[in-house]
Amino acid sequence: MFVEAQGLQKRFGAFHAVQGVSFRCYAGEVFGLLGPNGAGKTTTLRMLTTILRPTAGTARIAGHDVVDDPEAVRRVIGVLPENAGIYGRLTAREVVRYAGRLHGVHPEVLEGRLEAMFEKLEMSAHVDRLTDTFSRGMKQKVSIARALVHDPPVVFLDEPTSGLDVISARSVREFVQRFKQDGRCVIMSTHLMEEAERLCDRVAIIARGRVQAEGRLEELKARTGRGLEEIFVQLVEDTIR
């Protein structure tokens, strides 16, 4: 097991953003957090990646507690946020190299890893251009390289294809599949049911900060006799009534 969340809660004043979220994710698996906007998906990811401290509950990443040992957690995770946040006055190579140095990757290892990642991402011809000249899809590729430069076993993706064109979204999905093939534990948030069906082994459907259903896609469909989109819509509507 690489990721385990137990009863995670997060309150902002009187607002309860996440209420008792629990799930597990294993190596070589893609786990999807599905929910409408404002459901608590991003807040959950921010707790798991040590950006936010949980109000209650626990989470362990590769054996490290997110509250007791956040530095150890950061060493074993790669994070692709919804907004790339790339400094436009650096080239793609400089952005990813800087991230590698922050993670303490040995210089010789780092340079070889940069070339290999840029080749896999099909962006070798563009790595010495300033990133403020890049399309959103190309910036997403830089973010992927930055998230993986230290070779983390656990990867978090927040709405990884949001706002991308068809070609760029397909490229990102292919990389998510490659993460899985490499034996990484992948947790991704999305509100796109088609994307979840293509990529995820198991999902948790979140609405109003609570997990409404969790399990393998095939099991959820068999249990209800419905498709994933129908299951999702019904559960979300039930929380509104």
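The values are calculated or read from the model by the stated rules, or taken from the named source; none is laboratory data. Quick caveat, the model's predicted, so the values are computed rather than measured. Neighbour counts run over all protein chains shown; Cβ positions are idealised from the backbone, glycine included.
Here Gly28 clears all of (1) farther than 30 Å from Gln234 by Cβ; (2) modelled with pLDDT under 95; (3) among the small types (Gly, Ala, Ser) except the condition numbered (2). Here is the figure for the stretch 46-105: residues that are farther than 26 Å from Ala169 by Cα, of a type in the set (Ser, Thr, Tyr) and within 15 Å of the chain's Cα centre (by Cα) total 1. Considering only residues that are part of a loop (DSSP other than H, G, I, E, B) and acidic (Asp, Glu), look in the stretch 111-129 and name the one that is modelled with the highest pLDDT. It comes out as Asp128. Of all residues in the stretch 150-171, those that are surrounded by fewer than 24 Cβ atoms within 10 Å (Cβ to Cβ) and either of a type in the set (A, V, I, L, M) or more than 12 Å from Asn83 (Cα to Cα) (or both) total 13. Pairs meeting the criteria (first residue in the stretch 150-164 and among the aromatic types (Phe, Trp, Tyr), second residue assigned to a loop (DSSP other than H, G, I, E, B) and modelled with pLDDT of 95 or more, beta carbons under 7 Å, at least 6 apart or on different chains) are Phe156/Thr49. Taking the residues in the stretch 99-136 that are touching a strand residue (DSSP E or B) at 6+ places or on another chain (Cβ under 8 Å) and either buried (at least 19 other Cβ atoms within 10 Å of the Cβ) or among the polar types (S, T, N, Q) (or both) as candidates, determine which candidate is farthest from Gly85 (Cα to Cα). So the residue we want is Val127. Taking strands (runs of 3 or more DSSP E) as the structural unit, those lying wholly within the stretch 1-104 and holding at least 1 residues that are of a type in the set (Asp, Glu) correspond to 3-12, 29-34. Reported count of residues in the stretch 118-130, each being over 22 Å from the mean Cα position of the chain (by Cα) and either over 22 Å from Val105 (Cα atoms) or among the hydrophobic types (A, V, I, L, M, F, W, C) (or both), is 5. With respect to the conditions (1) surrounded by fewer than 20 Cβ atoms within 10 Å (Cβ to Cβ); (2) within 30 Å of Gly209 (Cβ to Cβ); (3) at pLDDT 95 or above, Val66 lacks only one, and its number is (1). Quick one: would you say Phe156 is under 30 Å from Ala5 (Cα atoms) and aromatic (Phe, Trp, Tyr)? Against the criterion (under 30 Å from Ala5 (Cα atoms) and aromatic (Phe, Trp, Tyr)), Phe156 qualifies.
Residues in the stretch 1-30 that are of a type in the set (A, V, I, L, M, F, W, C), surrounded by fewer than 22 Cβ atoms within 10 Å (Cβ to Cβ) and touching a residue at least 40 places away in the same chain (Cβ under 8 Å): 3 in all.
Out of all the residues in the stretch 75-87, is one or more surrounded by 15 or more Cβ atoms within 10 Å (Cβ to Cβ) and without any contact (Cβ under 8 Å) to a residue 40 or more places away in the chain? No, because not a single residue in the stretch 75-87 is surrounded by 15 or more Cβ atoms within 10 Å (Cβ to Cβ) and without any contact (Cβ under 8 Å) to a residue 40 or more places away in the chain. Pairing each residue of the stretch 123-135 that is touching a residue at least 12 places away in the same chain (Cβ under 8 Å) and within 20 Å of Ala169 (Cα to Cα) with any residue that is β-branched (Val, Ile, Thr) and part of a loop (DSSP other than H, G, I, E, B), provided the two are 6+ apart or on different chains, yields C-beta distances under 6 Å for Thr131/Ile86.
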